[in-house]
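Reading through the structure tokens given below for one structure.
The values are calculated or read from the model by the stated rules, or taken from the named source; none is laboratory data. Keep in mind that this is a model prediction, so the values were computed, not measured. So basically every Cβ, Gly included, is an ideal-geometry build from the backbone, and we count neighbours across all protein chains shown.
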Amino acid sequence: MRKCSLEKINLLFAEIAKNAELYLPTQQTDGSAAYKKWEEGSVWSNALNTVRSPKDFFFPQTENLMKFKTEGKSIEVVDTRNALDDFVIFGVRACDVKSFDVLDRVFLTEPVDSFYALRRSHGVIISLACQRPSETCFCKTFGIDPAAPAGDISAWKTETEIFFEANTQKGKELLEKLSALTEECDDTVVSEQKEKINKFMDKLPLKNVTTDGFGGGKTKELFDLPEWDELSQACLGCGTCTFVCPTCQCYDIKDFNTGNSVIRFRCWDSCMYSDFTKMAHGNNRLSQKERFRQRFMHKLVYYPENNDGMFSCVGCGRCLAKCPISMNIVKVMKKIGGK
């Protein structure tokens, strides 16, 4: 384990940025935090989490896949990918680190998504323990420890220092490059902070949210429950929950005619939209209840059934904070669980 004085943190950021693009949560004018590329003068935000998750670094909201050039009856397919530089994402919370595991099982399973895989291979994740989790946090429900946030390098911040521990070969190689700005230390301070964080988590209002009653094999038991009617009644179908979610992976693929070529791109989509998966014959989920049920059944039943029991929620609390009618996965779990 190594440590660095917070007085030297900008020197450390500058050192990282010498060999890779560095992104970290920065303060926004409205007080929120968003990942931005580090530059001299960037202010590292103290916010617990960013409004949008770091999912964008590996699965961006819009992404060009290829280009078609036509001349007469001939079509030329052009690969639009550019060479990708190494990059480092600093300050990723434990819930968001876990979300990458969820996405990996989707995009790195055969057939591998080469766009996603390329970004994953170039990215290094420096996680950061949550000193003071929010009332909307419930990551422990899914077995996530906010005091031990994993990633390539785990970090813990005190009022005067920041501590680092490498977890992967990528992490070890990066920490070696930072040896002039860090020093070897024991884990006493970090162990004390872990204990404080876990005690704090035990006081949060959502500490008793449980996945009991959910998981693989529960489709028949839960699918036709009358509670879905009540829960979905107020849903606006706005898709906010899916766009702030770090694990949602649905996308659409479209073609855009530029006049002299056609660009094929993909963009995030939402199962909460009435035109989601709509085809010539129509839509297979005609009501908002069906679309609402699909979102939560996928996260709590379908995904774990096909992924060794892993749930497709990490308890980050973003949907709790951003849903305009305060309907979220916690309310669903409390209402449906145990039925």
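What the table below lists for this structure:
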| quantity | calculated |
| --- | --- |
| The one condition in (1) free of Cβ contacts under 8 Å to residues at least 40 places away in the same chain; (2) more than 26 Å from Glu63 (Cβ to Cβ) that Cys250 fails to fulfil | (2) |
| Residue match in the stretch 230-237 (condition: within 26 Å of the chain's Cα centre (by Cα) and not in a loop (DSSP other than H, G, I, E, B)) | yes |
| Hits in the stretch 1-35 - residues which are of a type in the set (Ser, Thr, Tyr) and either closer than 15 Å to Val92 by Cβ or surrounded by 14 or more Cβ atoms within 10 Å (Cβ to Cβ) (or both) | Ser5, Tyr23, Thr26, Ser32, Tyr35 |
| Residues of the stretch 36-64 that turn out to be loosely packed, with under 14 Cβ neighbours inside 10 Å and touching a residue at least 40 places away in the same chain (Cβ under 8 Å), as a count | 2 |
| Looking only at the stretch 66-125, and only at residues there that are basic (Lys, Arg) and within 21 Å of Tyr302 (Cβ to Cβ), the one that is nearest to the chain's Cα centre (by Cα) | Lys98 |
| Hey, Ile197 crowded, with 17+ Cβ neighbours inside 10 Å, out of contact with any Gly (no Cβ under 6 Å at 6 or more places or on another chain), not assigned by TED's automatic domain parsing to the domain that holds Gln288 and not in a strand (DSSP E or B) or not | yes |
| Test: Glu135 is assigned to a loop (DSSP other than H, G, I, E, B) and modelled with pLDDT under 95 | yes |
| Scan of the stretch 145-180 for residues that are in a loop (DSSP other than H, G, I, E, B), crowded, with 17+ Cβ neighbours inside 10 Å and touching a residue at least 60 places away in the same chain (Cβ under 8 Å), ordered by number | none |
| Among (1) part of a loop (DSSP other than H, G, I, E, B); (2) in contact with a Ser or Thr (Cβ under 7 Å, 6 or more places away or on another chain), the one test that Phe265 misses | (1) |
| Where Gly309 falls short, out of the listed (1) outside any helix (DSSP H, G or I); (2) more than 21 Å from Phe100 (Cβ to Cβ) | (2) |
| Pairs with Cβ under 9 Å, 6+ apart, first in the stretch 107-121 and under 17 Å from Glu63 (Cα atoms), second among the polar types (S, T, N, Q) | Phe107/Gln249 |
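This table checks each residue for (1) modelled with pLDDT of 95 or more; (2) under 19 Å from Ser326 (Cα atoms); (3) among the charged types (D, E, K, R); (4) crowded, with 19+ Cβ neighbours inside 10 Å.
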| site | (1), (2), (3), (4) |
| --- | --- |
| Val244 | yes, yes, no, yes |
| Asp252 | no, no, yes, no |
| Ser270 | no, yes, no, yes |
| Asp275 | no, no, yes, no |
| Leu286 | no, no, no, no |
| Arg291 | no, yes, yes, yes |
| Val301 | yes, no, no, yes |
